[in-house]
Amino acid sequence: MAAKKVFTEIEIAATQDQVWSVLTDFDKIPEWSNSFQGLKGDFRDGGQATAYFKSPMGNKIMEFQHTLTYFKDGESFGWSDPFMLGMKDNHKYQLKTLDNGNTLFTQTDVLKGGASFLVGGIMASSMKKAYNEFNQQLKERVETIYAD
C-alpha cells in the first residue's frame, strides 16, 4: 500500500538561528503550542527522546519514544519509528534560510505500514491540520520574540 504523506511549510520573518532557538526550547513549547509539547531526552543524532503531544481532544498528553534522526544542529531533526496501529511515523522538522534572510520552516511526515491502508489517510489529514496550526503558532512566537 502507498504511504500517506504530509507536507507543510511556512515562512518566518526571523533568522534560522532564531527559529531554531524557539523550536528547540522544549520547556517553553507548552506555553504557545496546542499540539507538540516538546521533547525530553538526548537531543542529538541517534539520541533517545520522548516526544509529547496533546491528544486531538486536548485532554491528555501522549508520549512517544523516538530515536532522533535527520539531526543537523541548527537545521533539522526528526524520527522514523513505530507509531501506532503498526504504522511507522517518519516525522521531520527542517529549517532553511531564504534569500531574503527569513527562514522557511518545513514539517513533514510519512505514515506507512500497519493500519496505514485503513486509517492512514484520515490520520495524515488530521496531522496536516495540526502541523499547519503548529507552524503558525511557531511563526507567531518567533516573530513576537524577535520583532524589530
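The values are calculated or read from the model by the stated rules, or taken from the named source; none is laboratory data. These numbers come from a predicted model, not from an experiment. Positions of Cβ are generated from backbone atoms using ideal geometry, with glycine treated the same way; all protein chains shown enter the neighbour counts.
Observations on the structure shown:
- Enumeration of residues in segment 1-37 that are in contact with an Asp or Glu (Cβ under 8 Å, 6 or more places away or on another chain), within 26 Å of G86 (Cβ to Cβ) and surrounded by 19 or more Cβ atoms within 10 Å (Cβ to Cβ): V6
- F83 under 11 Å from the mean Cα position of the chain (by Cα) and among the aromatic types (F, W, Y): no
- Residues in segment 109-127 that are surrounded by fewer than 17 Cβ atoms within 10 Å (Cβ to Cβ) and either of a type outside the set (G, A, S) or in contact with a helix residue (DSSP H, G or I) (Cβ under 6 Å, 6 or more places away or on another chain) (or both): F117, L118, V119, I122.
- Residues in segment 18-66 that are under 14 Å from the mean Cα position of the chain (by Cα) and of a type in the set (S, T, N, Q) were compared, and the one that is modelled with the highest pLDDT is T24.
- When segment 55-96 is filtered for residues that are in contact with a helix residue (DSSP H, G or I) (Cβ under 9 Å, 6 or more places away or on another chain), of a type in the set (D, E, K, R) and either assigned to a loop (DSSP other than H, G, I, E, B) or within 29 Å of A13 (Cα to Cα) (or both), the ones remaining, listed by number, are D73, E75, K96.
Residues checked against (1) of a type outside the set (G, A, S); (2) part of a loop (DSSP other than H, G, I, E, B):
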{"site": "D99", "(1), (2)": "yes, yes"}
{"site": "T108", "(1), (2)": "yes, no"}
{"site": "G121", "(1), (2)": "no, no"}
{"site": "S126", "(1), (2)": "no, no"}
{"site": "F134", "(1), (2)": "yes, no"}
